[in-house]
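The values are calculated or read from the model by the stated rules, or taken from the named source; none is laboratory data. These numbers come from a predicted model, not from an experiment. So basically every Cβ, Gly included, is an ideal-geometry build from the backbone, and we count neighbours across all protein chains shown.
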Ligand SMILES: *Cc1c(COP(=O)(O)O)cnc(C)c1O
């Protein structure tokens, strides 16, 4: 499938500011955006566009996909590759930062471009799916590095590939590494749910030597519709567990009620909230980032309200390729005069916890 082709419902994706302006009354800041060499193109699927409330200039769906002139601003603290993915690339399309897992850049194309994209140095480019040589280089590397237990299929969006093209890639990796867990990282259930066909799920079912996991990116409760729930259910019903990575975005979901509703609705459609990401330091996204202090307050409030099942890990992917670390309030406050651990409860009161007596722990080791 080419995402620029007409969709099953007969409508074409919105791929320019002109077609956007024909459908939406643009604000001054939106109208002032223009393409430069460094910008991410505009592309919005008709389905995702239909979720926008056109009467609301500050609509949270609109803010994720309609560009603003603020994107043309970048700061010295930002870069085009804040996670130093280029220097952590093992092959042209393979990022190997953690010993146990690696990320394969299947394609640079998405069905809809998110204005907060942290991989905009790559996404929205013109190289398309990995070439045969790029695939083979990544396959050889993963084949000889058996410490890699999980491979992320990411990009771009891997589900913009045709079933047969995607199958070719999956088959090659599973041929050399039948044990390899594959994480399909995709926003397609959110932005183009009609792409999740029975044929796709049937194809994945032919490669059962190790599990697939679906990693989606729902950022707002209004993205959970009949169509997106159905798309996710197709994976889950086929035995593919679903996890969600939300990006914390100013003016979209930087609100405890919105985030709590999102996480609870995800649980109700059998999707486990996995990460809540602090925005990466990518040029052109400062207007969408939330200060960490505010993020910590939101995390604290979510911790009070949500079940462990509904609670994501708030995390930041550190600059210069430092990798992901959890963010959050600390509940362990130190030790009391007897040496017992002191904790703050989520409501702010203090409790202590005693380690086993030294004598006892020695006995149990004997
Ligand atoms: C985020 C990421 C992963 C996966 O990290 P988890 O903490 O296991 O979700 C793997 N490789 C790269 C390069 C990443 O950026």
**Answer from 168, 115 - the residue that is away from the ligand (no atom under 16 Å from the Cβ) and assigned to a helix (DSSP H, G or I)** = 168
**Count of residues meeting criterion [without any contact (Cβ under 8 Å) to a residue 60 or more places away in the chain and more than 16 Å from the ligand (Cβ to nearest atom)] in segment 46-105** = 16
**Message:** I'm told residue 182 meets every condition in (1) within 16 Å of the ligand (Cβ to nearest atom); (2) more than 16 Å from residue 105 (Cβ to Cβ) except one. Can you identify the failing condition by its number?
**Reply:** (2)
**Item:** segment 123-155: number of residues that are assigned to a loop (DSSP other than H, G, I, E, B), surrounded by fewer than 20 Cβ atoms within 10 Å (Cβ to Cβ) and without any contact (Cβ under 8 Å) to a residue 60 or more places away in the chain
**Value:** 9
**Message:** Can you find a residue that is more than 16 Å from residue 251 (Cβ to Cβ), at pLDDT 95 or above and part of a helix (DSSP H, G or I) anywhere in segment 36-44?
**Reply:** no
**Request:** Could you tell me which numbered condition residue 359 fails, if it satisfies all but one of (1) in a helix (DSSP H, G or I); (2) under 30 Å from residue 78 (Cβ atoms)?
**Result:** (2)
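Here's the yes/no breakdown for (1) touching a residue at least 40 places away in the same chain (Cβ under 8 Å); (2) crowded, with 20+ Cβ neighbours inside 10 Å; (3) within 27 Å of residue 78 (Cβ to Cβ); (4) touching a helix residue (DSSP H, G or I) at 6+ places or on another chain (Cβ under 7 Å):
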position	(1), (2), (3), (4)
253	yes, yes, yes, yes
282	yes, yes, yes, no
294	yes, no, yes, no
320	yes, no, yes, no
336	no, no, no, no
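So that you can scan it fast, the table gives a plain yes or no per residue for (1) over 18 Å from the mean Cα position of the chain (by Cα); (2) more than 16 Å from the ligand (Cβ to nearest atom); (3) at pLDDT below 95; (4) outside any loop (DSSP other than H, G, I, E, B):
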position	(1), (2), (3), (4)
215	no, no, no, yes
222	no, yes, no, yes
229	no, yes, no, yes
234	yes, yes, no, yes
246	no, no, no, yes
254	no, yes, no, no
259	no, yes, no, yes
265	no, yes, no, yes
**Asked** For segment 296-307, how many residues meet the condition of being out of contact with any helix residue (DSSP H, G or I) (no Cβ under 7 Å at 6 or more places or on another chain) and under 11 Å from residue 264 (Cα atoms)?
**Response** 1
